[in-house]
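Take a look at the structure set out below.
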Amino acid sequence: MKPHFHKIPSTLQSSFSIRHDIKPDFGNVWHYHPELELHYIIKGEGVRFIGDNISNFTPDEMVLLGENLPHTWRCKDEYFQNNPDLHVEAMVIQFLPDCLGKNLLSLPEAYLIPKLFEKAKSGMVITGKAKDKLAELMKSSIEATNLDRIIILLSILKTLAETDEYATIVNGKNTFYQSNESETLRINKICTYTMTNYKNDITLEEIASLSNLSITSFCRYFKLMTKKTYYDFLIEIRVSHACRFLIESKLPTEMICFDCGFNNVSNFYRHFKKVTGMTPLDYKRKYLNE
C-alpha cells in the first residue's frame, strides 16, 4: 500500500517523543515517518498492517518499527461502536536514528546500535524477558526529565540491541515514498471498506467502483501499491480474523470458515495453510502449547 507521510510533533526541549495513549481506537491511517517507533500495546485487539505483513495484535504486544516502515493498527469492529467501556491503551516512543547525536553511532562501543536500526527496517516483535524489561523502562521514561530521559533511552537501545528475543515482521526491506493526498485517501478507503466488509462477497467491480477506477486499472493500481493482488489481500485479512476466532472462541472450524467470509470449507483450509503454513487445528494446538 502506498503510505501517507506522518510528521511526528517535536519540541526544542525534547530529543525524542514518549507518550502514553488512552483513546477509543488506534485509527486506521496507513502512514510512515523517519523516526523509529517502539510501540507497546497495553489494551486493544485487531489486525495490524506493517510493511507487507498482515497479522493480529493483542494486549501485551511490543513492536519496534524501523525508519519509514509503513504501519497502522486497525482495531476490531467493536471499538468503532461508541462503547464507552471499550478503549485502547499504548505506550509509544518515537526517535530519529541520530537523536542522541551522530557521533554516538560511530563510537566503537556503540556498534550494536546501527545493527539494531538495520534489523528494525524489517520490523521486530519483541518477546520474553526483553519485552518485560522494556515495558518497565517505557513506564519510567514517561515521567522522566532531563538526563534521566537520555539514560532511559540508552537503556532501551541497549536492551533492544542485545536481545535475541524477537521475531522479524516483514520478509524484505521495501523502500516507500511519500504519497499524495488523493492516493492516501483512496488506499485508506479500500483498506477500511475491506476491513468492514471482509465477511461478505466483495467483487472486483464493487471495490474498483469504490476507488473510481475500472477493474483493469484497479488491479494494476493495487498490485503496484501493495505488491499483491486485491484477492490475496482480502484472503490474508480473512485468515487473520480466522486465527483470532480459533483462539478466542469455541466455535467449530467449519462455522469460523463461513463467519470469516470463505464460501466453502475446502477453500478455507487451502488458503489458511497457504497463509500460515499450517492447518487450523495445528495453529490452535501451537497457540495452546505456547
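The values are calculated or read from the model by the stated rules, or taken from the named source; none is laboratory data. Nothing here was measured: the structure is a model prediction, and the numbers come from that model. Cβ atoms come from the backbone with ideal geometry, glycine included; neighbour counts cover every protein chain shown. Accessible surface is based on the protein model in full, side chains and every heavy atom, while ligands, DNA and RNA are left aside. Shrake-Rupley method; radii C 1.70, N 1.55, O 1.52, S 1.80 Å.
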- Message: What whole-number volume per residue, in cubic angstrom, does the convex hull of the C-alpha atoms of segment 181-289 give?
- Response: 108
- Note on the structure: For the chain, the longest principal axis of the Cα atoms and the Cα long axis of helix 280-289 enclose an angle in degrees, to the nearest 10, of 30
- Item | Sequence ranges 60-67, 130-137, ranked by mean other-Cβ count within 10 angstrom, highest first | 60-67, 130-137
- Task: Please report Rg over Rh for segment 4-168, where both radii come from the alpha carbon positions and Rh follows the Kirkwood definition.
- Result: 0.95
- To the nearest Å², the heavy-atom accessible area per residue of segment 225-268 with 1.4 Å probe amounts to 42
- Can you pull the percent of segment 35-143's accessible area that's carbon plus sulfur, 1.4 Å probe, other chains left in place? 50
- In this model, which of 23/158; 189/273; 189/228; 129/158; 115/223 are farther than 20 Å apart at the alpha-carbon? 23/158; 189/273; 115/223
- Query: Counting only protein chains, not ligands or nucleic acids, how are 219, 99 ordered by accessible area (probe 1.4 Å), most first?
  - Reply: 219, 99
- Task: Taking the dipole about the Cα centre of the chain, with the C-beta of Lys and Arg at +1 and of Asp and Glu at -1, give me whichever of 247, 31, 258 is farthest to the positive side.
- Result: 258
- Computed Kirkwood radius, in angstrom, where 1/r is averaged over Cα pairs of the chain: 20.4
- Item | Bins of 5 Å from zero: percent of alpha-carbon pairs in segment 61-149 | 2, 10, 15, 19, 21, 16, 7, 4, 3, 2, 0
- Task: Against the globular-protein guess of 2.2 N^0.38 Å, express the Cα radius of gyration of segment 26-104 as a ratio, rounded to two decimals.
- Result: 1.21
- Message: For the chain, give me the percentage of DSSP beta bridges that are antiparallel, rounded to the nearest 5 percent.
- Response: 95
